[in-house]
Structures are given as C-alpha cells and as structure tokens.
Amino acid sequence: MFFERKMKKQNVLKSIWFPVVLVGTFFTVFSFYGLRPALFAISGLFLIVAVLPLLTYIRTQNTGYLVLALYIFFAALVTISVPAAIEDRSNKGLVPLFLVILYALMLVVIYLTVNRKLRWRGEEVFELAAMPVEDIGDSFTARPRPAGQVPVSKTEMIRFVDFMSKNLVAFPFKEDNRVVFVLTLPGNDLPYLLGTKKDYLEDTWVAVDYDGNITVNITEEDYLLFKMDLDFDQICQSLGDVFSEFLELSKKGQESKIIDRMNALRLNPIN
Amino acid sequence: MEFENAARLGALISKDYAEDFFRLLVNYQDISASEAASRLSLHIKTAQDFLDNLTVLGITKKDEVFEKKRPYFRYTLIQSMIDLKIDLSIYEKENPGQGLSRLIREMKENGANFSVAKSGDSFSAVTIWEGEGRERQEQKISLTTPQGKFLFHLPFPQAKPLTIIDIMEKTSLESDYSAEIQNIVDELIRLEVIEVL
C-alpha cells in the first residue's frame, strides 16, 4: 500500500554520524600514532557510545537496545584485544571468542533493525495522525486540545504505558490523575534518556487521564516537521484518535496490530 | 446609596481622625472648620475638606455666618445614623442568556499564551501582550475554574466555530456560569484572542 509522506525527510547525517566519526577518528589517530593507538581510540569511542543504548534499555526496557549495547561493548573488547594478537599471533587470548559473540550479536542487531525493533516510533505516529488531515494553511496555536474519550481502567493503562515505552512509541510521565506520553520525535529522545529533562512542557505530548479523557499538545517545532501547513485542529484531533485506537487495541491485547500499522508505513528502519 | 457616594463615604470614615471628628459633630450644636481643626490638631484645610464632603453626602449641613463682616461656615450634623448600603445586583447582567448563541473560536496568530492548570484539563491563566517595542506590556488574566475549562474547549483558529452554549455543554458547565463565561469571552474578544463569526 502506498502512503503519501507528510513529514519532512530527516537529515541523513543524523543516522550516519557515528560511523563517520568512527572512521574519521581511526584514520586520524592511525596517521599520527599508528595502528595500536587508533584501535584503542575507536575502542574508547565504542565504550562511550555503548552507554546510550544501555540507558535506552534501562529507561524503556526495550531488550533490542540491550543487545545493541552488548554488541557495541563487544566491538570495543575486540578492538582492545586485537593489537596484542596482531603483535604476537600465538597469543590470541579471548579474541576468537569475542569475535564469535560479536558476529552473533551483529546478526541479531541486523535482524532487529530490519524489523524496526530499534526504531523510535514517534515519527510513524505523526505520519499516521497526518494521513487524513488536509492542508488548509497555517492554523497553529500553542495550546493543548481535548481530543475525545476512551474508557480505560488502571490495569489497562499500566499495560498500555508499558507497551508504549517498550516499543519506543513514547516516553510516559505518570501523574496523579493521568499519564502523559511524550512522542519520541527526532531530536526529542536524548534529553529524556540522559535524564536531563524532567518535564514535558516544551514537547509534543498526548495525555490520557484515568477517566479516559485524551488531551493533545503539539509544539510549533514539531508542527513544522510536516511538509505542508496541515489543519492544526484536525492534526490534534487525529493524533488523539490514533492514541485512542492504540489504546483500544491494547485493551483487546492486540498490540501486534499497533506495530503492524506503524510498520505498514515502511519508513526508514534506521533513525 | 450610589457607589460613588459610598466610595466617598468609605474614604472619609477610613481617615484616622474620622471617629474623633464625628464625636465633635455629635456633641456640638454646630462647629466651624477652624474650631474642629484646633480641637483635633489638624490643618484647617483638612478639616474643611472633611466637613464639605460630609455636606455633599447630606450628613451635615452648612450655614454661612458672619463675624463682623468676615463670612465663614458653621457645620451641623443632620444624620445621627449613617447607613452604608450598596445594591450590587445592579451590576448583574440583565439577561445572562443573551449572547450565548454567538459562534466563536480562537483568533489566528493572537499571540496569547494559555497556561495549563495542574489538573491538566483546564487553563489557569491567559497571558496577552499589548503594545509594541518598549511599550509592550504583559497582561495576565487569572481564570476561574469554569472559565479555564471553557477556554480549554475553545475551537482552534480555522476550526469549525461553536456557540458559547455548545462549548459550555461540551465542558459540562451549568447555565449559572453563563455570565462569568460571557465576561471572559467579551474580554478576550476585546483583546482579539477570540473571534466571533
């Protein structure tokens, strides 16, 4: 099925910055200090970068990111161990074992990536919300909008929150009378993962209270992610409807259908 | 009592010398401003203003008398009981239901900032900036809970407008609040935050 994309394409550099930095660091250090320091340098980079997927796992419980963290960690172990093995070929140590684990983890990471298990889903939610909305000229206003009601029990809400978090759809903020889901839109995730952002007021969010009332807030910055001037009232309502539909599916235990709906958009699996 | 007179009376009786002044007026058949001023250690102008204001309110009367050829006024208390009553019902909107059928929505690019209440289902305040450049001033209107709930459901710019009564129904607000709601709507229309269609 063909869907018209309504969001602007993300800068490709955002997806490939790490390999570029890695290769750049390797060749720069190699040209000045030789192979051993170059491998140590990229090993250090691997260790630093491994923190990010580990944090993602801790905050979302998405096991895919634990695998990714382990993969990067073993890549660091391999790059640390290899120089010694190159200098004395009879002393390979644990390098073969590390390589086997690294390759096995790489296959799992490729599988997870291709199946969009590591993808932040906020962009897909936005695309789904934008689908039925018309382009009628700028109508943005910086205030939340009530967007319907869906009856929900506390148990159902807990299950939904768990699903949304684990599948990287949104960061949930639990409040006394409601749960606020901050969409994981491009550029929004890092401060939440690092724990530097304690509130959601400047982000796009959808709140569902325990009476089932849905409220939507879209920031101007995120509204500008759309290629066209979509009717702001309609896009807020539509985003509320998407959440309402997701919640209904979650209540019926059909979370896989939510994932299928987002996967059907066939957005780039890497973001 | 009319509000203007009540305000004048309120200002008079709030003076720290007012009680002593009335004590004099009650016990004297009549008194001049200079006599009262000397008894209460006030400036003669202060005493004269006080007595003149009482005369305007009909609490004292003043008679012109002559000392040799020099005229002056003597004041006599004519009311031993002051009744301060203000009928606030005159400010009540005559027909609170009138205007509820107006189609309204938020005006495009109005520059207002709506602050969300802690409960998350209403606004607590609207901030509007008036003027340009250095003259620009912030006006923050704190909202009552019904007003905050009403504005939370106000249609967005370019959305289908709704009547005030429809929005009130959507917000589950009773008609008792219609005057309060219309008050904020009228103010926001004046400030060009809401448009009427």
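Which of A:58, A:258 comes first, and how do the rest follow, when ranked by fewest Cβ neighbours within 10 Å?
Lowest to highest Cβ neighbour count: A:58, A:258.
Could you give me the ³J(HN,Hα) list for region B:119-131, computed from phi with Karplus coefficients 6.51, -1.76, 1.60 and θ = phi - 60°, whole Hz, x at Gly and Pro?
5, x, 10, 7, 9, 9, 7, 10, 10, 10, 9, 10, x
Counting other beta carbons within 10 Å of each Cβ, put A:7, B:81, B:168, A:106 in order, fewest first.
Going from least to most buried by this count: B:81, A:106, A:7, B:168.
Return the distance in nm (one decimal) between the two label points of a simple spin-label model at residue A:202 and residue B:84, each offset 7 Å from Cα along Cα→Cβ.
5.1
I need the phi-derived Karplus couplings for region A:259-268: 6.51 cos²θ - 1.76 cosθ + 1.60, θ = phi - 60°, integer Hz, Gly and Pro marked x.
4, 4, 4, 6, 5, 4, 6, 6, 6, 3
In terms of modelled amide H atoms, which long-range or inter-chain residues lie less than 5 Å from the amide H of residue B:162?
B:104
Note down the relative contact order for chain A as a percent, whole number, built from C-alpha pairs under 8 angstrom at least six residues apart.
23
Report the GluC sites (Glu not before Pro) located in region A:123-158 that are in a DSSP loop and have at most 14 other Cβ atoms inside 10 Å of their Cβ, or state none.
Loop-located and lightly packed - A:134.
If I take every Cα pair under 8 Å that is 6 or more residues apart in chain B, average their sequence separation and divide by the length, what percent do I get for the relative contact order?
18
Give me the distance between the Cα centres of region A:136-183 and region A:92-134, rounded to whole Å.
Computed from Cα coordinates, the inter-centre distance equals 25 Å.
Check which residues have an amide H placed less than 5 Å from residue B:129's amide H, if you skip close sequence neighbours.
Those lying under 5 Å, H to H, from residue B:129 are B:139.
Please say if region A:1-70 is rounded, prolate or oblate, where rounded means a/c under 1.5 for a ≥ b ≥ c the square roots of the C-alpha gyration tensor eigenvalues, and otherwise the choice is prolate for a/b larger than b/c and oblate otherwise?
Taking the square roots of the gyration eigenvalues as a ≥ b ≥ c, region A:1-70 is oblate.
What spacing in nm lies between the two simple spin-label points modelled at residue B:19 and residue A:211, each 7 Å away from Cα in the Cβ direction?
For the pair residue B:19/residue A:211, the computed spacing is 5.1 nm.
Tell me, how many Å apart are the Cα centres for region B:172-197 and for region A:233-271?
Cα centroid to Cα centroid, the span is 37 Å.
Working from Cα positions, state the angle (0 to 90°, nearest 10) between the long axis of helix A:35-60 and the longest principal axis of chain A.
30
Which of the helices in chain B, when you take each full DSSP H run, stretch at least 24 Å along the axis at their Cα atoms and have an average Kyte-Doolittle score of 0.5 or higher?
none
Using the Cβ atoms and a cut-off under 12 Å, what net charge is assigned to the surroundings of residue B:193, where Lys and Arg are +1 and Asp and Glu are -1?
-3
Which loop-located trypsin sites (Lys or Arg not before Pro) does region B:104-197 contain, where loop means any DSSP state but H, G, I, E or B and the Cβ has at most 16 other Cβ atoms within 10 Å?
Passing both the DSSP loop test and the Cβ count: B:108, B:118, B:136.
For region A:1-108, which chymotrypsin sites (Phe, Trp or Tyr not before Pro) are both in a DSSP coil and crowded by at most 12 other Cβ atoms within 10 Å?
Sites meeting the loop and neighbour criteria: A:2.
How many angstrom separate the Cα center of region B:64-137 from the Cα center of region B:1-52?
28
Under a GNM of chain B (C-alpha, springs under 10 Å), which listed residue has the highest mean-square fluctuation: B:165, B:82, B:181?
Maximum among the listed residues: B:82.
Which order results if A:121, A:36, B:74, A:178 are arranged by neighbouring Cβ count within 10 Å, fewest first?
Lowest to highest Cβ neighbour count: A:36, B:74, A:178, A:121.
Across chain B, how many lysine pairs, 8 or more apart or on two chains, come within less than 25 Å at their alpha-carbon atoms?
Final tally of qualifying lysine pairs is 26.
Would you please give the residues with an amide H less than 5 Å from that of residue B:111, counting only those at least 5 places away or on a separate chain, with H modeled from the backbone geometry?
none
If the elastic network links every pair of Cα atoms under 10 Å, which of A:199, A:162, A:241 fluctuates the most in the Gaussian network model of chain A?
Among A:199, A:162, A:241, the largest GNM mean-square fluctuation belongs to A:199.
On C-alpha positions alone, give me the angle between the axis of helix A:95-114 and the longest principal axis of chain A, in degrees, nearest 10.
The angle comes out near 20 degrees.
For region A:163-247, what does the alpha-carbon gyration tensor say about shape, rounded, prolate or oblate, given a ≥ b ≥ c as the root eigenvalues, a/c under 1.5 as rounded, and a/b over b/c as prolate?
The shape class here is oblate.
Could you work out the mean count of beta carbons from other protein chains within 10 Å of each residue's beta carbon in B:116-125?
Neighbouring Cβ atoms belonging to other protein chains average 4 per residue here.
Taking the 0 to 90 degree range and rounding to the nearest ten, how far is the long axis of helix A:232-251 tilted relative to the main principal axis of chain A, both from C-alpha atoms?
70
Any read-out appearing in this document is the output of simple, stated calculations on the displayed coordinates, not a laboratory observation. On a predicted model such as this, the values are computed, not experimentally measured, just so you know. Cβ coordinates were reconstructed from backbone atoms using ideal geometry, including for glycine residues, and neighbour counts include every protein chain displayed.
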